[in-house]
Every structure is written in C-alpha cells, then in structure tokens.
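Engineer: Here it is, the structure, as structure tokens.
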Amino acid sequence: MNKGILIVVSAPSGCGKGTILAEVMKDEKFYYSVSATTRSPRPGETDGVNYHFLGREQFEELIKTGGMLEYAEYCGNYYGTPRDKVLEKINEGKNVILEIEVQGAMQIREKCPEAVFVFIAPPSVAELRNRLEKRGTETPEVINQRVSEAAQEISFAYRYDYVVVNNILEDAVNDFISVIRAEELKAENQKNIIDEVLKNA
Ligand code: 5GP
C-alpha cells in the first residue's frame, strides 16, 4: 500500500473552505486532522470533533514534549496539529488534510517538504466582502477587519503549490480533487505499484 498524502489547506475566512472540504471529506480516503486550540468553543462546536479544546498549560506541555507537528499563535490563541494521529493515518494510506493558517503551513513546508500546499482564494475581494455581508453574523467593523486580513493572507498564496478559486462550489471541489489525484499519480507516490508490476516481468 502507498502512503497517504499530507495536504495543507489555507484560506481566509469567508472563502467557503469549510464547504469545499466537507464535500471532499465524503470520500473515505481522506482524513481530516482535528487541531488543538486554546480558544473557547463557539456555540455548536464539540470537543474532539471541531477541535481538541485545551488549556494554555496543557497546550504548552504538548509543545515541549514534541507532540505538535506545527503550531501558531493566532488572534491571541494557540492552534496546533497533534503529531501522532497525522503520522498514523498517513502510514495507513489516508490522505490527511490539515486546515491551518499560513504560519503553521510554512512550518510544515520545512518539516515535511513532500506535503502538498493548497490555497483557497475568493474570486475577488469584493465578492468576499459580499459573502461576509450576506452571512450577516459580523458587524461592519469586523467585516472591514476580516476583508483587510484576507487581502493580506491572499498575498501569501504564492508560497503554496496550488490555488483553487472558489467561484462556483462544484468547480472548486473538482479542482481540489483533481490536484490531489495528480499528486497521487506522481511516480514517486506510485512506487509500490511499479514494484508490483515489475515483480512479474
Ligand atoms: P478559527 O478560530 O476560526 O476556528 O480558526 C482560526 C484560524 O486558525 C484559521 O485560519 C484556521 O485555519 C487556523 N487553524 C486551525 N487549526 C490550526 C492548526 O492546527 N494550526 C494552525 N497553525 N492553524 C490552525
């Protein structure tokens, strides 16, 4: 069996990243890595499903003992990827998705150069603003803040391998799946199959 692929996904909020990943995750060959965070759960979030909600001390202990594959401080809270589960699932042949922000993504770039980096972008900043306004959950000030943060985050897109623009959801999902399929078909990821074919030559 070939090992799974480590996929790092980043996107500014309001890009529809959650909706795209929910579609992708319908295929069982993907495993979504549940991050740890010190931020408080939002209404409707469940411990162990959306995040592992930890205290600051617990989180810092995990950093010290090497339990985090990467971590970052974002808006005053820690966010990090628990290492063991990710490695276990990759070895089981699953494609593991890390949905993380840019600083964490760049740490993975250093530690796991074989990982695939996908940035999800909105079709335009105007459209992003439009979506955030339609969602109606934020005040105009927060929307302005999110839009300017998003513009800054989008400037990091060049550090990723692929950019998927979420204009039409179905197209974005297909683009994402195509990227991963192409990665699976890379010769270096097909070693077991090539060896198998050659065994009977
Ligand atoms: P939120 O608080 O809205 O759930 O997430 C805030 C940001 O933290 C998002 O950009 C999200 O992708 C990022 N994030 C979530 N989990 C992790 C993680 O394990 N590591 C890093 N570096 N960022 C994360």
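Read-outs throughout are calculated quantities, based only on the coordinates presented, and are distinct from any laboratory measurement. From a predicted model like this one, the values you see are computed outputs, not experimental measurements. Quick reminder, even Gly has a Cβ in these numbers, built from the backbone with ideal geometry, and neighbours come from all protein chains shown.
Engineer: Starting from the Cα of ALA201, step 7 Å along the direction of its Cβ; do the same at ARG181; then give the gap between the two resulting points in nm.
Structural biologist: 2.7 nm
Engineer: Karplus couplings for the stretch 29-42 from phi (6.51 cos²θ - 1.76 cosθ + 1.60, θ = phi - 60°), rounded to Hz, Gly and Pro as x?
Structural biologist: 6, 9, 10, 8, 6, 7, 7, 9, 8, 9, 6, 6, x, 8
Engineer: Which number do you get for Rg(Cα) / (2.2 N^0.38 Å) in the stretch 86-201?
Structural biologist: 1.38
Engineer: For the chain, what's the radius of gyration and Dmax over Cα atoms, in angstrom?
Structural biologist: Over the chain's Cα set, Rg and Dmax evaluate to 18.0, 67 Å.
Engineer: Follow-up. Measure off 7 Å from each Cα along the Cα-to-Cβ vector at ASN50 and GLU110, then give the distance between these two points in nanometres to one decimal.
Structural biologist: Here the modelled spin labels are 3.1 nm apart.
Engineer: Between ALA151 and ASP84, what is the label-point separation in nm under the 7 Å Cα-to-beta-carbon projection?
Structural biologist: 4.5 nm
Engineer: While we're here: Which peptide among 61-69, 1-9 comes first, and what is the full order, when sorted by highest mean count of other Cβ atoms within 10 Å? Could the numbers behind the result be given before it?
Structural biologist: Numbers: 61-69: 14.2, 1-9: 19.6.
By packing density, highest mean first, the sequence is 1-9, 61-69.
Engineer: I need the phi-derived Karplus couplings for the stretch 144-158: 6.51 cos²θ - 1.76 cosθ + 1.60, θ = phi - 60°, integer Hz, Gly and Pro marked x.
Structural biologist: 4, 5, 4, 5, 6, 4, 4, 4, 5, 5, 5, 5, 8, 4, 5
Engineer: Continuing with this model, one more query. For the chain, calculate the relative contact order in percent as a whole number, restricting contacts to Cα pairs under 8 Å that are 6 or more residues apart.
Structural biologist: Averaging sequence separation for qualifying contacts and normalising by length gives 31 percent for the chain.
Engineer: Per residue of the stretch 103-110, what does 6.51 cos²θ - 1.76 cosθ + 1.60 with θ = phi - 60° give for ³J(HN,Hα)? Whole Hz please, x for Gly and Pro, Karplus curve as stated.
Structural biologist: For the stretch 103-110, the Karplus curve yields 4, x, 4, 5, 5, 5, 3, 5 Hz.
Engineer: When the chain is fully extended, how far beyond the present Cα-Cα distance does SER40 get from ASN192, taking 0.36 nm per residue of separation?
Structural biologist: My answer for the length gained is 50.3 nm.
Engineer: Follow-up. Once every DSSP H run of n ≥ 4 in the chain is given -39500 (n - 2.57) and the sum is divided by its residues, what mean residue ellipticity at 222 nm do you get, rounded to the nearest 500 deg cm²/dmol?
Structural biologist: Counting only the DSSP helices, I get -13000 deg cm²/dmol.
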